[in-house]
Amino acid sequence: MLQENNMKSTQSTIGKLQRIIDLANEALKELKHPASSNQKHDRIINQKKGPQYFIGELIDDGFLKQGKSIELIRKKLQEEGHNYSQEELGTPLRRLVLQKRLKREKVGPQYLYQQR
(Lines give C-alpha, C1' and ligand atoms only; values in the text may rest on other atoms or scores of the structure.)
Protein backbone atom coordinates (compact mmCIF):
# COMPACT_ATOMS: atom_id res chain seq x y z
CA MET A 1 0.00 0.00 0.00
CA LEU A 2 2.80 2.41 0.91
CA GLN A 3 4.58 1.57 -2.32
CA GLU A 4 1.35 2.21 -4.26
CA ASN A 5 0.93 5.64 -2.61
CA ASN A 6 4.55 6.52 -3.42
CA MET A 7 3.96 5.51 -7.06
CA LYS A 8 0.83 7.72 -7.29
CA SER A 9 2.67 10.61 -5.63
CA THR A 10 5.59 10.22 -8.04
CA GLN A 11 3.26 10.12 -11.05
CA SER A 12 1.45 13.21 -9.79
CA THR A 13 4.75 15.03 -9.32
CA ILE A 14 5.89 14.02 -12.80
CA GLY A 15 2.61 15.31 -14.26
CA LYS A 16 3.01 18.64 -12.48
CA LEU A 17 6.62 18.96 -13.61
CA GLN A 18 5.62 18.21 -17.20
CA ARG A 19 3.01 21.00 -17.08
CA ILE A 20 5.65 23.39 -15.72
CA ILE A 21 8.04 22.39 -18.51
CA ASP A 22 5.30 22.89 -21.12
CA LEU A 23 4.49 26.36 -19.76
CA ALA A 24 8.18 27.27 -19.70
CA ASN A 25 8.58 26.13 -23.32
CA GLU A 26 5.60 28.24 -24.39
CA ALA A 27 7.07 31.26 -22.60
CA LEU A 28 10.42 30.72 -24.32
CA LYS A 29 8.74 30.52 -27.72
CA GLU A 30 6.95 33.79 -27.01
CA LEU A 31 10.23 35.45 -26.04
CA LYS A 32 11.94 34.22 -29.20
CA HIS A 33 9.06 35.13 -31.50
CA PRO A 34 6.79 37.74 -29.89
CA ALA A 35 3.64 38.43 -31.86
CA SER A 36 4.25 42.18 -31.94
CA SER A 37 7.90 42.00 -33.00
CA ASN A 38 7.08 42.35 -36.71
CA GLN A 39 4.99 45.45 -36.08
CA LYS A 40 7.76 46.98 -33.98
CA HIS A 41 10.37 46.11 -36.63
CA ASP A 42 8.23 47.69 -39.38
CA ARG A 43 7.77 50.83 -37.29
CA ILE A 44 11.53 51.15 -36.74
CA ILE A 45 12.24 50.72 -40.44
CA ASN A 46 9.68 53.39 -41.34
CA GLN A 47 11.16 55.79 -38.80
CA LYS A 48 14.57 55.57 -40.46
CA LYS A 49 13.23 56.68 -43.83
CA GLY A 50 13.03 60.42 -43.36
CA PRO A 51 14.68 63.26 -45.27
CA GLN A 52 18.18 62.40 -44.02
CA TYR A 53 17.81 58.83 -45.29
CA PHE A 54 16.66 59.99 -48.73
CA ILE A 55 19.41 62.61 -49.00
CA GLY A 56 21.84 59.82 -48.13
CA GLU A 57 20.46 57.87 -51.09
CA LEU A 58 21.15 60.88 -53.33
CA ILE A 59 24.73 60.91 -52.04
CA ASP A 60 25.08 57.19 -52.74
CA ASP A 61 23.65 57.66 -56.25
CA GLY A 62 26.23 60.40 -56.99
CA PHE A 63 23.71 63.22 -57.35
CA LEU A 64 25.75 65.42 -55.01
CA LYS A 65 29.17 64.90 -56.61
CA GLN A 66 28.83 68.48 -57.83
CA GLY A 67 27.59 71.15 -55.42
CA LYS A 68 23.81 71.54 -55.30
CA SER A 69 21.63 74.12 -53.59
CA ILE A 70 19.00 73.09 -51.10
CA GLU A 71 16.36 73.97 -53.71
CA LEU A 72 17.88 71.59 -56.29
CA ILE A 73 18.07 68.86 -53.64
CA ARG A 74 14.42 69.49 -52.75
CA LYS A 75 13.38 69.28 -56.43
CA LYS A 76 15.29 66.02 -56.95
CA LEU A 77 13.64 64.49 -53.88
CA GLN A 78 10.27 65.71 -55.15
CA GLU A 79 10.91 63.99 -58.51
CA GLU A 80 11.47 60.77 -56.57
CA GLY A 81 8.19 61.21 -54.70
CA HIS A 82 9.51 62.65 -51.42
CA ASN A 83 7.94 66.04 -50.77
CA TYR A 84 9.82 68.16 -48.24
CA SER A 85 10.07 71.89 -47.78
CA GLN A 86 13.45 73.65 -47.70
CA GLU A 87 13.00 74.12 -43.96
CA GLU A 88 12.54 70.37 -43.47
CA LEU A 89 15.78 69.66 -45.35
CA GLY A 90 18.01 72.13 -43.47
CA THR A 91 18.57 70.03 -40.34
CA PRO A 92 19.19 66.71 -42.16
CA LEU A 93 21.69 68.44 -44.47
CA ARG A 94 23.46 69.97 -41.46
CA ARG A 95 23.67 66.56 -39.80
CA LEU A 96 25.17 65.02 -42.94
CA VAL A 97 27.75 67.83 -42.97
CA LEU A 98 28.60 67.09 -39.32
CA GLN A 99 28.87 63.38 -40.17
CA LYS A 100 31.32 64.38 -42.92
CA ARG A 101 29.23 62.84 -45.69
CA LEU A 102 28.69 66.30 -47.22
CA LYS A 103 30.61 69.53 -47.31
CA ARG A 104 28.93 72.92 -47.41
CA GLU A 105 30.22 75.95 -49.26
CA LYS A 106 28.69 79.42 -49.38
CA VAL A 107 28.38 80.75 -52.92
CA GLY A 108 26.69 84.12 -53.06
CA PRO A 109 23.58 84.19 -50.90
CA GLN A 110 23.14 80.40 -50.69
CA TYR A 111 24.99 77.28 -49.62
CA LEU A 112 25.95 74.45 -51.95
CA TYR A 113 26.11 70.91 -50.60
CA GLN A 114 28.59 68.51 -52.12
CA GLN A 115 29.59 64.92 -51.49
CA ARG A 116 32.93 64.51 -49.66
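The values are calculated or read from the model by the stated rules, or taken from the named source; none is laboratory data. No experiment lies behind these values; they were computed from the predicted model shown. When we count neighbours, we look across all protein chains shown, and the Cβ atoms used for this are built from the backbone with ideal geometry, even at glycine.
Does residue 111 count as assigned to a strand (DSSP E or B) and either modelled with pLDDT of 95 or more or over 24 Å from the mean Cα position of the chain (by Cα) (or both)? So residue 111 fits the description; yes. On the given criteria, is residue 99 among the polar types (S, T, N, Q), free of Cβ contacts under 8 Å to residues at least 60 places away in the same chain and touching an Asp or Glu at 6+ places or on another chain (Cβ under 9 Å)? In short, no.
Filtering segment 61-83 to residues that are surrounded by fewer than 13 Cβ atoms within 10 Å (Cβ to Cβ), under 13 Å from residue 116 (Cα atoms) and of a type in the set (Gly, Ala, Ser) leaves only 62. Considering segment 49-60, the residues that are more than 17 Å from residue 112 (Cβ to Cβ) and of a type outside the set (Gly, Ala, Ser) include one that is nearest to the chain's Cα centre (by Cα), namely 49.
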